[in-house]
Amino acid sequence: MKLLYFGWVRTRIGIGSETLELPSGITDVGSLIEWLKQRGDGYRMAFEDLTILRVAINQEMVTLDTLISSEDEVALFPPMTGG
């Protein structure tokens, strides 16, 4: 699975993207984020408040209960504003 990180999510984790093999129990966005939190302090800090996190799968906005597959591209980012 390809993961993309933007904004302060990227800053806290320290990388802009990564490709990972997920354990078999990771079936939705919420379980993916919980698993990522176990990967280190930067991940824990980036995902500590899920109410201010946005997620897109294959460039479509989704919710935490959306199912995922190993072929997906998942983007995690803070809310964006335009101007």
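Before moving on, here are some points about what is shown:
- Residue ranges of strands (runs of 3 or more DSSP E) in the chain with at least 2 members among the hydroxyl-bearing types (Ser, Thr, Tyr) and surrounded by fewer than 16 Cβ atoms within 10 Å (Cβ to Cβ): 17-19
- Residues satisfying the stated conditions in the stretch 63-83, i.e. in contact (Cβ under 8 Å) with a residue 12 or more places away in the chain, of a type in the set (Val, Ile, Thr) and closer than 18 Å to Gly7 by Cα: Val74
To keep it simple, each residue is scored yes or no on (1) among the small types (Gly, Ala, Ser); (2) at pLDDT 95 or above.
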residue: Met1; (1), (2): no, yes
residue: Glu18; (1), (2): no, yes
residue: Ser24; (1), (2): yes, no
residue: Thr27; (1), (2): no, yes
residue: Met45; (1), (2): no, yes
residue: Ile52; (1), (2): no, no
residue: Ile57; (1), (2): no, yes
residue: Val62; (1), (2): no, yes
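- Close pairs from the stretch 1-29: first over 12 Å from Tyr43 (Cβ atoms) and free of Cβ contacts under 8 Å to residues at least 12 places away in the same chain, partner of a type in the set (Ser, Thr, Tyr) and part of a helix (DSSP H, G or I), Cβ under 9 Å, at least 6 apart: Gly25/Ser31
The values are calculated or read from the model by the stated rules, or taken from the named source; none is laboratory data. What you see is a predicted model, and the numbers here were worked out from it, not measured in a lab. Neighbour counts run over all protein chains shown; Cβ positions are idealised from the backbone, glycine included.
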